[in-house]
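One structure below.
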Amino acid sequence: MMKKCLLVALPLLAMTMLSLAAIGQVSKGKTRPLLTKQLMGGLVQPNCKNLGGGLKEAPADDKAWAALATNAALLNEAGHILMADGRCPDAEWAGAAKTLRECSEVVLAKIEAKDAEGAQGAFKAMTASCAACHKAHKK
Ligand code: HEC
């Protein structure tokens, strides 16, 4: 009887601990202080907003292109931060972070080629990563 209870209780305990760990990881990494909320509000959102706004019309000069390149590169970096410090809880998160990294790299390449239309297309694909991760993990 004891043995049977243990067999049931142990996996339950393990699952509870795993899900508790996952909750912690979503809102923050394991050792660094940066909250996911701060990462989103301070880095991801402003760069996404500038990039999307700046690509609506072809950038006017080299300075404007360079500013958009900065936005795309920082969004790419955010895709790495999302996977660092034990923050990632599951495959959905990892997949969205990968989309963010890969599409922001394409955006950057199109910006370097001064291809505003191409950059806009890749930007749209990139924003699918925001929606995918938020649907699964943003309360
Ligand atoms: C891999 C997951 C993931 C990706 C990708 C992601 N987010 Fe988030 N985002 C979150 C989570 C989780 C929260 C909720 C954080 C919390 O409140 O603890 C959040 C919250 C936010 C918030 C609210 C911040 C606040 O102050 O409450 C904004 C704005 C945001 N994200 C913008 C974006 C944009 C724009 C993108 C795409 C460029 C994006 N996010 C991509 C996971 C992600």
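Throughout, read-outs are computed from the coordinates displayed, never taken from laboratory work. As the structure is a prediction and not an experimental result, all values here were calculated from the model. Every residue, glycine as well, gets a Cβ built from its backbone with ideal geometry; the counts of neighbours run over all protein chains shown.
Which stretch or stretches of region 104-139 have amide N atoms under 14 Å from the point lying 7 Å from K37's Cα along the Cα→Cβ direction? Hits in region 104-139 for K37 at 14 Å: 138-139.
Spacing of the modelled spin labels on K135 and E117, each 7 Å from Cα toward Cβ, amounts to 2.9 nm. Backbone geometry of region 49-64 corresponds, through the Karplus equation with coefficients 6.51, -1.76 and 1.60 at θ = phi - 60°, to 3J(HN,Hα) couplings of 5, 4, 5, x, x, x, 8, 4, 10, 4, x, 6, 8, 4, 5, 5 Hz, x marking Gly and Pro.
Taking 7 Å steps out from each Cα toward its Cβ at A60 and S27 produces label points 4.4 nm apart.
Report the far tail of the P(r) of region 72-139, meaning the percent of Cα-Cα pairs longer than 21 Å. The partial results should precede the final answer.
Working: 527 of 2278 pairs.
Of the Cα pairs, 23 percent sit more than 21 Å apart.
Quick one: order I111, I81 by neighbouring beta-carbon count within 10 Å, fewest to most.
Numbers: I111 27, I81 17.
Ordered by Cβ neighbours within 10 Å, fewest first: I81, I111.
Protection proxy ranking for 93-105, 61-73, using the average of other Cβ atoms within 10 Å per residue and placing the highest first: 93-105, 61-73.
Let me check I've understood the local charge: for V26, count other residues with C-beta under 14 angstrom from its C-beta, Lys and Arg +1, Asp and Glu -1. What total comes out? Before the final figure, lay out each step's value.
Details: positive: K28, K30, K37, R87, K135, K138, K139; negative: D85, D90, E92.
Result for the neighbourhood of V26: +4.
Taking amide H as placed 1.01 Å from N in the peptide plane, the amide H of K28 sits under 5 Å from that of T36, each at least 5 places away or on another chain. Listed by Cβ neighbour count within 10 Å, with the fewest neighbours leading, M40, M126 appear as M40, M126.
Residue-wise HN-Hα couplings along region 66-73, as the Karplus relation 6.51 cos²θ - 1.76 cosθ + 1.60 with θ = phi - 60° gives them from phi, are 5, 5, 5, 4, 4, 4, 5, 5 Hz; Gly and Pro carry x.
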